[in-house]
Amino acid sequence: MARSVAIEDAATAERNVQYQRPTLRQQTWYVLRRWPVLPLFVLAVFILMSIFANLIAPQEPWRQNLRGRAAPPFWDTQFYDDNPRLEQRYILGGDHVGRDILSRLIHGTRISLIIATLSLAGGVIVGTTLGLMAGYFGGWLDELISRAVDVWNALPFLLIAILAAITFGQSVTNVVVLLALAAWGGVVRNVRAEVLSLRTREYVDSSRVSGASTARILLRHMLPGVINTVVVLATLRVGGLILAEASLSFLGAGVPSSSVTWGVMVSEGRQFLNTAWWIAVFPGVAILLVVMSINFVGDWLRDRFDPRLRQL
Amino acid sequence: MAGYMAQRIVFGVMSLVAATLIVFVLSRLQGDPLLLYAKPGGYGVSEEQIEALTKKLALDRPLIVQYFIWLGGVIQGDFGQTILAERDVRTVVFEKLGATIQLALTGWIFATLVGVPLGVLSAVKRGSVWDYAGRTFALFGQATPVFFIGILGILFFAVILDWLPAGSRPVHEPFWPAQFKALILPTVALGWLPAATYLRLTRSSMLEVLDSEYIKLARAKGVTSNWVIWKHAFRNALIAPITVSALIMIGFLEGSVIVEAVFAWPGIGRLAVDSIQNNDFPLLTGVIFLFAILYVVGSLVADLTYSLVDPRIRYR
């Protein structure tokens, strides 16, 4: 009897503790610390920009205008007062032939994101398939695939990419293929290691005993097990791919310079650093923002879904 | 261990063969190299000369034979002559090697001096201003393209402030201050990303070590804080950054191609890009061969340092 009273007392005491609703500031801080809100927002903005580039861009990205040659960004009102015949303000300035940098940036998002997505998808699909096979079948197939990865990783990628771009001609397809080739190696290694441990699990044995085909085991029992690792790895790689694409374009070996990409814009603006810094700086900042946001999201995904990949 | 070494060396050689094969095939696909030998405005190239050249370069033989002829020369240390300047490939490459090595060394020193201490600091004072500063530094290093760091550096320190030169390597001037000044911007551009890598690695392994039992024991015994950090923790935390050092050196090769293009630095990376643009395939294959050797040696060294630094790791 006495005991139940004691319990009731404790319960009422707990109920009587004043529950303080966290202030708005505390709540905001909580969400911001736990979720990559800002990076996701930045990424969303860039993705929307790339989809609706035609609607958002204030001017045509290719239209040249000699009056707006090296026009400064919008805050230099002096320039725009002096040149009243310039029909439109260049929000982020104009480049050396008077093309609107903001519009080019917006259109450039499209190519950068498309290339990164496609090459990542290619690299990840090939890498995962090979990794699954190497890990599951083992033996000579494993040796062959692992050694191929070793050999491939020991090649100076950038030089070979430049050479290939010049040999086969510069096109978006070629860049995608080259970057996919750069991405698959790391995926194979991690997926293979994962499969090696998954393969010995009992549920795999029992599904084999109950007559599941190899394809079924691979697709229904192995793939879901490695998908976490793959997603995390993929997110951590996108940033690198965007940087690689920009570097190739910067060196003049990426997509043809007639199409708008951030790397090409930076490389064009390089010659005008002492007269019009905005030509090179804004596209560079765009690369920085996108890659940094993706890295944030990747780190977050890794901590949440696959903390073992910590060392990456 | 010996077996593992032998295995690694065999795969290294395979990588080299693959690299040269890829480069050789790609560079031969680029169009008729004979046309390059015809000098500018060379209308007067006669049939006989072309035939003689074809013979000399073995261009009339199948591609695979051409490759083995080239490979035979390479094994004897003969990379042939460059097409444009008609000079020995080896001499040209070794001429430019110094500039790249200098840049890679200073870049590495920068990365180590910045990355490792900042990593320790941000681990020891976790959550402090130092920690946030270090992490911001690392974030920017990992997200900024190498060429953009270079361009921002030129913009601020060469164009606006006019403190440092915008590029090139003043070989004929004394090291101090002219050459030193010219080195600063390329070094930072090249070294920022590796510094970020060092920082992250040092920080995470330092945190791990500081959390271990023997550190707690040392603290409980009354060892001073500095002694615990530098003598007990730091030495063990250093394993991770040391093991990636060789890989970081490899990364410098890739980085040097871009940095040398931005700063007009007369090194191997620029030589490679130039040779691609000039369609100078003997030179290009020579450069890529050198790169591939450095890559293979680098990853071998990286693997070996694991077991040297951390005896707990064994190889089959």
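For A:LEU102, the conditions (1) surrounded by 15 or more Cβ atoms within 10 Å (Cβ to Cβ); (2) modelled with pLDDT of 80 or more; (3) in contact with a helix residue (DSSP H, G or I) (Cβ under 7 Å, 6 or more places away or on another chain) all hold with the exception of (3). Among the residues of the range B:246-285, not one is facing chain A (nearest Cβ under 7 Å) and assigned to a loop (DSSP other than H, G, I, E, B).
Cβ-Cβ distances below 6 Å connect the following pairs, each with a first residue in the range B:218-231 that is free of Cβ contacts under 8 Å to residues at least 60 places away in the same chain, a second residue that is small (Gly, Ala, Ser), and a separation of six or more residues or different chains: B:VAL228/B:ALA218. Considering only residues in the range A:135-187 that are touching a helix residue (DSSP H, G or I) at 6+ places or on another chain (Cβ under 7 Å) and of a type in the set (Phe, Trp, Tyr), the one that is surrounded by the fewest Cβ atoms within 10 Å (Cβ to Cβ) turns out to be A:PHE168. Would it be correct to say that B:ALA237 is over 16 Å from A:LEU155 (Cα atoms) and surrounded by 23 or more Cβ atoms within 10 Å (Cβ to Cβ)? It is true that B:ALA237 is over 16 Å from A:LEU155 (Cα atoms) and surrounded by 23 or more Cβ atoms within 10 Å (Cβ to Cβ).
So that you can scan it fast, the table gives a plain yes or no per residue for (1) assigned to a helix (DSSP H, G or I); (2) assigned by TED's automatic domain parsing to the domain that holds A:VAL175; (3) under 11 Å from the mean Cα position of the chain (by Cα); (4) modelled with pLDDT of 85 or more:
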{"residue": "A:LEU218", "(1), (2), (3), (4)": "yes, yes, no, yes"}
{"residue": "A:ILE227", "(1), (2), (3), (4)": "yes, yes, no, yes"}
{"residue": "A:ILE242", "(1), (2), (3), (4)": "yes, yes, yes, yes"}
{"residue": "A:GLY252", "(1), (2), (3), (4)": "no, yes, no, no"}
{"residue": "A:VAL255", "(1), (2), (3), (4)": "no, yes, no, no"}
{"residue": "A:SER259", "(1), (2), (3), (4)": "no, yes, no, no"}
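Restricting to the range A:231-240, give me the number of residues that are modelled with pLDDT of 85 or more and either within 11 Å of chain B (Cβ to nearest Cβ) or farther than 26 Å from A:GLY186 by Cα (or both). Counting residues in the range A:231-240 that are modelled with pLDDT of 85 or more and either within 11 Å of chain B (Cβ to nearest Cβ) or farther than 26 Å from A:GLY186 by Cα (or both) gives 2.
Of all residues in the range A:158-209, those being assigned to a helix (DSSP H, G or I) and touching a residue at least 24 places away in the same chain (Cβ under 8 Å) number 29.
Among helices (runs of 4 or more DSSP H) entirely within the range B:47-158, having at least 2 residues that are in contact with a strand residue (DSSP E or B) (Cβ under 6 Å, 6 or more places away or on another chain), under 30 Å from B:ILE239 (Cα atoms) and at pLDDT below 85 singles out no element at all. For the residues B:GLU260, B:GLU173, the requirement of being under 29 Å from B:ILE151 (Cβ atoms), among the charged types (D, E, K, R) and crowded, with 24+ Cβ neighbours inside 10 Å singles out B:GLU260.
If you filter the range B:286-316 down to residues that are facing chain A (nearest Cβ under 10 Å) and among the hydroxyl-bearing types (Ser, Thr, Tyr), you find that the one that is surrounded by the fewest Cβ atoms within 10 Å (Cβ to Cβ) is B:SER299.
Taking A:GLY123, is it more than 25 Å from A:ALA276 (Cα to Cα), away from chain B (no Cβ under 14 Å) and either touching a helix residue (DSSP H, G or I) at 6+ places or on another chain (Cβ under 8 Å) or of a type outside the set (Ser, Thr, Tyr) (or both)?
Numbers: more than 25 Å from A:ALA276 (Cα to Cα): yes; away from chain B (no Cβ under 14 Å): yes; either touching a helix residue (DSSP H, G or I) at 6+ places or on another chain (Cβ under 8 Å) or of a type outside the set (Ser, Thr, Tyr) (or both): yes.
Spelling it out, A:GLY123 is indeed more than 25 Å from A:ALA276 (Cα to Cα), away from chain B (no Cβ under 14 Å) and either touching a helix residue (DSSP H, G or I) at 6+ places or on another chain (Cβ under 8 Å) or of a type outside the set (Ser, Thr, Tyr) (or both).
Scanning the range B:170-223 for residues that are touching a Pro at 6+ places or on another chain (Cβ under 7 Å) and modelled with pLDDT under 85 gives B:ALA178, B:GLN179, B:LYS181, B:ALA182.
The set of residues in the range A:144-157 being under 16 Å from B:ARG8 (Cα atoms), without any contact (Cβ under 8 Å) to a residue 40 or more places away in the chain and either within 11 Å of chain B (Cβ to nearest Cβ) or in contact with a Lys or Arg (Cβ under 9 Å, 6 or more places away or on another chain) (or both) consists of A:ARG147, A:ALA148, A:ASP150, A:VAL151, A:TRP152, A:ASN153, A:ALA154, A:LEU155. Of all the residues in the range A:188-204, those that are surrounded by 12 or more Cβ atoms within 10 Å (Cβ to Cβ) and over 18 Å from A:ASP142 (Cα atoms) number 2.
Table: residues versus (1) at pLDDT below 85; (2) touching an Asp or Glu at 6+ places or on another chain (Cβ under 9 Å).
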position	(1), (2)
A:ALA276	yes, yes
A:VAL281	no, no
A:VAL285	no, no
A:VAL291	no, no
A:PHE296	no, no
A:ARG304	yes, no
A:ARG308	yes, no
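The values are calculated or read from the model by the stated rules, or taken from the named source; none is laboratory data. Please read these numbers as outputs of a predicted model, since none were measured by experiment. Cβ coordinates were reconstructed from backbone atoms using ideal geometry, including for glycine residues, and neighbour counts include every protein chain displayed.
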